[in-house]
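Q: My questions all concern the structure below.
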Amino acid sequence: MADVPAGRRRHRVLRRLAVRVPQYVLIVLVAASANFALPRLMPGEPVELLLGEMANRLPAETVAQELADVGLDQPLLVQYGRYMAGLARGDLGYSFRHRRPVSTLVAERLPWTILLVGTALLISTILGVALAAFAVWRRGRRRDTASIALFTFLESTPPFWIGLLLLIWFAANLKVLPLYGTVSVDATTGLARVGDILLHLVLPAATLVLTSVGAVFLLARASLLGVVREDYVLVARAKGLRERSVAFRHALPAASLPIATSVLLRVGALAGGAVIVERVFSYRGIGTLMLEASFGRDFPLLQGGVFVLTLVVVGVNLVGDLLYPRLDPRVRR
Amino acid sequence: MRRKLIALFMGLGLVAAACASDDKPIEQPAPGVTTTIPQVATLRFANTTGEKNITPWTQGSGYPGYYMMTLVYDTLAWLDPDGKPQPWLAREYSADPAGLRWTVRLHEGVAFHDGRPLTSADVKFTVEYLQKNARPRWVLTNVDRVETPDPLTAIFVLKQPQASFVLNPLADLPIIPQHVWSSIERPLEQTTQLPIGSGPYRLVEYAENQVHRFQANESYIKGRPIVNEIVMPYIATTQAAFTAVQSGQADAVSASLTPELKPQFNQGGLKTAGGAGYRGWYLYMNTGRPPFDKPEFRQAMAAATNSADIVATALLGAGATGSPGFVHRAAPWSNPATRDSRFDLNRARSLLDGLGYRDTNNDGVREMDSNRLEFDLLVRNNDAVAVRAAELISQSVGQAGVKLNVTALDQTTAGARTWPDYAIGATPRGDYTIAMFSWAAAVQQDPDFLRSMFHSSTTLGTLNRAGYKNTQYDELSDQQSKAVDEASRNRILAQMQEILARDMPAYPVFYPEDIFPYRVSAFDRWVYYQGVGILNKATLLAPR
């Protein structure tokens, strides 16, 4: 494949953007509408959330006034119009339950989820690929077979169960790690705070890593197996390279394409798993926020929170789309 | 260098430890009191409900939310462990013979946390502010006005006599400071400003879904609290919260244990406190839908429900059976004649026979004409015990020839559907024939709830999920709500319970026992407050 001049390469990226961006905008619009419609399809009104348990004991005019204050007295189409207009202005609305702007709530919580999911994604990818590389080089031996069994088991285990086990072992019995929360309830500052945050991150991140490393391992193993029989690997060996260099320098880069794709696709799946894991560890991320919102029909928070998550996932996919030609010369046209 | 750092840290640790250990005996609150109770520096009380800021407008749950809020705010009266009201901020209170004027005399020298005095003007302001910014817990539409002849006297003038007036508002309504709230226009949005009250604790830190931290109010009118600091970390799941108590990361918890865990939490420095919970499960029947419109049919359903077996099987014996008269058996106004449930399949069968339902095609389910007795039994899916109970009900009712399909739904959906086929107040019409529904403990603490539960008027019977209509019951419930004399009120209440036991719009099935675990070494003075829980400001004060 001949080298492409820099100017033409830039041109290609722009052309790619011109095709992709409208598609993504459409996806976001459809998702935003679904975010509006889905919570409202569930039966149940947010009246109790707005006014407290037994809201029905209040005078009817008080309830009517409160519904009008938050715009729930309007026809659905008007509510939808206001919601979309708000999104266009960057206004995510106002949470019924928290009585605060959705954007503030999301801004408080999202960084924690990004930290958690990002850490888990990074560690599970590196760990999964490294283990796969070792397994392929020892394929058929007992350790390889055992690891396939182990990772298949891990992949099919529900995150909350692993989370609870870790919680009981490390936090309750060994008492080496905190049992709940994102930070200690006793305030810390500076380095101690960083350490505190990392300590609280260990168990939830480990849970996500354990439940997702299996998928990476199995995928990386399969794509590595496809590569190790290629001629250039044989050539590398024939050159007298050490096995480790053959594996990591020659085989792995060629096998990295499906792995890279899976990393980007797993962002969405991990964010979903984070909802459960955050709850088990009382982690103060966006997952617990969304879960609470759905319990009480907090429409604006559900809409806004899921919309931001949609943006993150779609954004990651767009980045992937743009990076793909760099990784795979075959799609550079 | 490193050694210096270590020395520095150790030094800091010593200083911190010195500050934290505060084992001074409590100051004598009054001469003549001889018992000294050791001060507790910090108590960690895990909270599983995710409370928000704890003002009267932003506070969430009944328990522990309301009891967290009343660490900060005081009420005029306060319920003792048996649920009987005692004077609190008020020195005394009494009504005129007609029951229309309640005179409340306040203690002298009560101050809010910012040092400003609490006077009758604050009481008046609280009532007027709540009338403008209503909350479901304190509906003050019957208060015409509050007169304040002097700073220590408040006179509530009522539109009609109100028998439950001492229970609510006096023993329930938190008094808020006028100088803080008079400038607040949207109280529902007080989500971050820490509250100022007159109670035994100040809320000094609140981080949403993370922690509430309370500091003792040293100059509290009823003496300095025993515990200096209460930290309430938020733990999202009850399993993790119980584990925290077990492993010493929390000293007590707001959630009640499931019965099988009770032995595990009564060993190795752990104990449980609890008793008959008032939060109960009720079998609701939509009285507007045939065949549930016939009292005989509802009686048959109740007779075929084996409460005792449910308590023994689903609750492992840790609970109480419900009373056909709706009132919890431990409540002072419970009618002994309608207290015990009677499981009687033969009676259920003969009632159904009498209505003309027979199993003509021998498929185990009765029918009449083309009406087959098969219904969905709604129950919410986040309470394993309730789902199990629903299955047991479906089994035993099935033996009488009525097929119930247990339908587990999320809590909000189940709650929204369990209303009659017409709207009540702000609630849209519901959609159910039969459902398991749970009410909070509060509905069994005040007999006036019997009116909200079953009155046929859509403005008075605001909780009438059964859509029940009975003019005699309506009249009696109006009478009791105005009956100032306790004995005559109890007579009316007994009559109402007899009607309910006969008409059976809702059948109380069981009440799970409350079992609250705690660490003995941290604090062992916990007392269970009838039907509610252990967190209560009175427990944290030295007895006088």
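Q: So how far, in whole Å, is the C-alpha centre of the range A:165-207 from the one of the range A:216-285?
A: The range A:165-207 and the range A:216-285 have Cα centres spaced 29 Å from each other.
Q: Residue farthest toward the positive end of the dipole of the range A:245-313, with Cβ of Lys/Arg at +1 and Asp/Glu at -1: which of A:Phe281, A:Gly305, A:Phe248?
A: Comparing the listed Cα positions along the dipole, A:Phe248 ranks first.
Q: How would B:Arg342, B:Arg366 line up from fewest to most surrounding beta-carbon atoms within 10 angstrom?
A: Taking fewest neighbouring Cβ atoms as first place, the list is B:Arg342, B:Arg366.
Q: Right, here's the next one. Where both residues lie in chain B, what percent of DSSP beta bridges are antiparallel, nearest 5?
A: Taking every DSSP beta bridge with both residues in chain B, the antiparallel ones total about 75 percent.
Q: Can you sort B:His107, B:His455, B:His212 so the residue with the fewest Cβ neighbours within 10 Å comes first?
A: B:His107, B:His455, B:His212
Q: Which whole DSSP H helices in chain A pass both tests: a Cα extent of 30 Å or more along the axis and a mean Kyte-Doolittle value no lower than -1.0?
A: Correct list, ordered by number: A:6-41, A:102-137, A:190-228, A:252-280, A:299-327.
Q: Using Cα positions and a limit of under 16 Å, work out the aspartates and glutamates in reach of B:Lys124, with same-chain residues fewer than 8 apart set aside.
A: B:Asp74, B:Asp144, B:Glu147, B:Asp150, B:Asp172
Q: As I understand it, the dipole of chain A uses +1 on the Cβ of Lys and Arg and -1 on the Cβ of Asp and Glu, about the Cα centre. Which of A:Ile123, A:Leu17, A:Val136 lies farthest toward its positive end?
A: A:Val136
Q: May I ask for the equivalent-ellipsoid semi-axes of the protein assembly as shown, computed as the square root of five times each C-alpha gyration tensor eigenvalue and listed largest first in whole Å?
A: 53, 36, 28
Q: Here's something else I'd like to know. Hey, in the GNM for chain A with a 10 angstrom Cα cutoff, which one of A:Leu270, A:Leu51, A:Leu241 fluctuates hardest?
A: Taking springs between Cα atoms under 10 Å, the residue moving most is A:Leu241.
Q: For chain B, with the dipole built from +1 on Lys and Arg beta-carbon atoms and -1 on Asp and Glu ones, taken about the Cα centre, which of B:Gly398, B:Phe375, B:Ala250 lies farthest toward the positive end?
A: Of the candidates, B:Ala250 comes out farthest on the positive side.
Q: Sticking with this structure for a sec: Ratio of chain B's C-alpha Rg to 2.2 N^0.38 Å, to two decimals? Walk me through the numbers before you get to the answer.
A: Values: Rg = 25.7 Å, N = 544, 2.2 N^0.38 = 24.1 Å.
Normalised by 2.2 N^0.38 Å, the Cα Rg of chain B equals 1.07.
Q: Using the crude model of +1 on Lys and Arg Cβ and -1 on Asp and Glu Cβ, and no other charge, please compute the dipole size for the range A:1-111 relative to its Cα centre, in debye to 20.
A: The dipole magnitude comes to about 1220 debye.
Q: Dividing the convex hull volume of the alpha carbon atoms of the range B:405-479 by its residue count, what do you get in Å³ per residue?
A: 98 Å³
Q: Classify chain A: rounded, prolate or oblate, from the alpha-carbon gyration tensor (a ≥ b ≥ c, eigenvalue square roots; a/c under 1.5 rounded; otherwise prolate if a/b is larger than b/c)?
A: Oblate.
Q: Then there is this: Mind listing the long-range amide H neighbours of B:Gly430? Cut-off is under 5 Å, sequence gap 5 or more, other chains count too, H placed in the peptide plane at 1.01 Å from N.
A: Residues meeting the amide H criterion: B:Trp419, B:Asp421, B:Tyr422.
Q: About the Cα centre of chain A, how large is the charge dipole given +1 on each Lys and Arg Cβ and -1 on each Asp and Glu Cβ? Please answer in debye to the nearest 20.
A: That gives a dipole near 2220 debye.
Q: Taking 20 Å as the cut-off for C-alpha to C-alpha distance, list the pairs among B:Lys222/B:Lys537; B:Lys132/B:Lys469; B:Lys294/B:Lys469 that go past it.
A: Table pairs above 20 Å Cα-Cα are B:Lys132/B:Lys469.
Q: Counting other beta carbons within 10 Å of each Cβ, put A:Lys239, B:Lys262 in order, fewest first.
A: Working: A:Lys239 10, B:Lys262 16.
With the sparsest Cβ surroundings first, the list reads A:Lys239, B:Lys262.
Q: With +1 assigned to the C-beta of every Lys and Arg and -1 to the C-beta of every Asp and Glu, and no other charges, what is the dipole magnitude of the range B:113-153 about the Cα centre in debye, to the nearest 20?
A: Using only the charged Cβ atoms, the result is roughly 240 debye.
Q: Where in chain B are the DSSP H helices whose C-alpha atoms run 24 Å or more along the long axis and whose mean Kyte hydropathy is at least 0.5?
A: Membrane-span-like by this rule: B:2-20.
Q: With a cut-off of 8 Å between alpha carbons and a minimum separation of six or more residues, what is the relative contact order of chain A in percent?
A: Relative CO of chain A lands at 27 percent.
Read-outs: derived from the displayed coordinates by stated rules, not from any lab. Everything numeric in this text was worked out from a predicted model, so none of it was measured. Positions of Cβ are backbone-derived with ideal geometry, glycine not excepted, and every protein chain shown enters the neighbour counts.
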